[in-house]
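Visitor: Take this structure first; my questions come after.
Please treat every number below as a calculation from the coordinates, not as lab data. If you're wondering where the values come from, they're calculated on a predicted model, not measured in any experiment. Backbone-built Cβ (ideal geometry, glycine too); neighbour counts: all protein chains shown.
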Amino acid sequence: MTTTDFDGLIAEALTQEEREFLAGLEEPSLIQQSLDLFRGRNRAFNILIAFLTAIFLALFVWCVVRFFQTEDIASMIRWGAGAFYCFTMIFGIKMWGWMEMQSNSIRREIKRVELQIVSLAHRVEIED
């Protein structure tokens, strides 16, 4: 059974009111998901992480500029290593942010499933 077949079976099992409600729970855009990181209980931590990302970006640019301004190999290696470290930190922070957005997306899906279970339980109570 494909995903679309399964989605169709679920849609057939829902009432019109439930379909309309679930249609209103669309997945937020990427920009909205990024902004959602700065809401909720981890807001202060995520602001700190964004601030650190900006610092590492500025340091990365500074290291790259200094790398191209220097003439001896030892200094090039040091500035290149600094640039590489800053880039790695930025990459790691961004990966962490993407994982947080994925976690929030999964949490939304679980809430939708909980809603469907409650609705089904309510419907079973009415029929009994």
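Visitor: May I ask for the distance between the Cα centers of the stretch 67-92 and the stretch 34-62, given as a whole number of Å?
Guide: 22
Visitor: Per residue, what volume in Å³ does the Cα convex hull of the stretch 41-128 take up? Don't skip to the answer; put the middle values down first.
Guide: Values: hull volume 6.6 nm³, N = 88.
So the per-residue Cα hull volume is 75 Å³.
Visitor: Take every Cα pair under 8 Å in the stretch 41-128 that's 6+ residues apart, average their separations, divide by the length, and report that relative contact order as a whole percent.
Guide: Numbers: 33 pairs, mean separation 23.1, N = 88.
About 26 percent, as a whole number.
Visitor: What ranking of T88, T70 emerges when the number of other C-beta atoms within 10 Å of each C-beta is taken as an exposure proxy, fewest first?
Guide: Arranged by neighbour count, lowest to highest, T88, T70 become T88, T70.
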